[in-house]
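Presented below is the structure to which this report refers.
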Amino acid sequence: MKATVGSAQALLRRSDDAALPITKRRAAAVELLRLHARPGMSLGDLAALLRGASWLASAHVRAVRDVGGRPAPVPLHLGGSVFAFDLVAGDDIAPQAFVRAAGGVMCDEFASLLRGTPTPSIASAAVLDIAVQDV
């Protein structure tokens, strides 16, 4: 099957292509999540969408409890676990993805799942909200 410009596979490959400028790689990662990640999918489905992205190995994955007085890209007060991770990190500020997941998901479990480690205890947890914040 040939990938179209907006297909998940094509966008993932572009986000991972070290020959491209970092701005193009980041744009592909942002578009990948905006077009293909949705509330209601499982964390396992989200991890599968991003499977193989080399930039995830160095992505700073963190739990979010506060955004320093700025509006949060996903609700922080509705329960669940909220995480953020960089999209194609570099020497400057990278775009970030914010994910609110159902239940008491631990940050290290979420990071492991994103990086391809099977984590059955959280793979079926639902993505309640997801947002991408450009810089």
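The values are calculated or read from the model by the stated rules, or taken from the named source; none is laboratory data. The structure displayed is predicted, hence computed values, not measured ones. With ideal geometry, Cβ positions are generated from the backbone for all residues, glycine too; neighbour counts draw on all protein chains shown. Areas reflect the complete protein model, heavy atoms only, side chains present, ligands, DNA and RNA absent. Shrake-Rupley method; radii C 1.70, N 1.55, O 1.52, S 1.80 Å.
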> Taking the condition open to solvent by 40 Å² or more (accessible area, probe 1.4 Å) and either part of a loop (DSSP other than H, G, I, E, B) or touching a Gly at 6+ places or on another chain (Cβ under 9 Å) (or both), does Val135 pass?
Replying inline: yes
> If we keep just the residues of segment 88-101 that are modelled with pLDDT of 95 or more and in contact with a Ser or Thr (Cβ under 9 Å, 6 or more places away or on another chain), which is surrounded by the most Cβ atoms within 10 Å (Cβ to Cβ)?
Replying inline: Val99
>> If I ask for residues that are touching a residue at least 12 places away in the same chain (Cβ under 8 Å), loosely packed, with under 15 Cβ neighbours inside 10 Å and either closer than 20 Å to Arg38 by Cα or in contact with a Gly (Cβ under 9 Å, 6 or more places away or on another chain) (or both), which ones from segment 116-131 would you list?
In response: Ser124
>> I'd like the full set of residues that are farther than 15 Å from Leu50 by Cα and outside any strand (DSSP E or B), limited to segment 75-88.
In response: Pro75, Leu76, His77, Leu78, Gly79, Gly80
> For segment 9-21, which residues satisfy the criterion of being in a helix (DSSP H, G or I) and open to solvent by less than 60 Å² (accessible area, probe 1.4 Å)?
Replying inline: Ala10, Leu11, Leu12, Ser15
>> What are the pairs with Cβ atoms under 6 angstrom where one residue, in segment 32-45, is touching a residue at least 40 places away in the same chain (Cβ under 8 Å) and in a loop (DSSP other than H, G, I, E, B) and the other, located anywhere, is buried (at least 16 other Cβ atoms within 10 Å of the Cβ) and of a type in the set (Val, Ile, Thr)? Sequence gap at least six, or different chains.
In response: Ala37/Ile130; Pro39/Val127; Met41/Val127
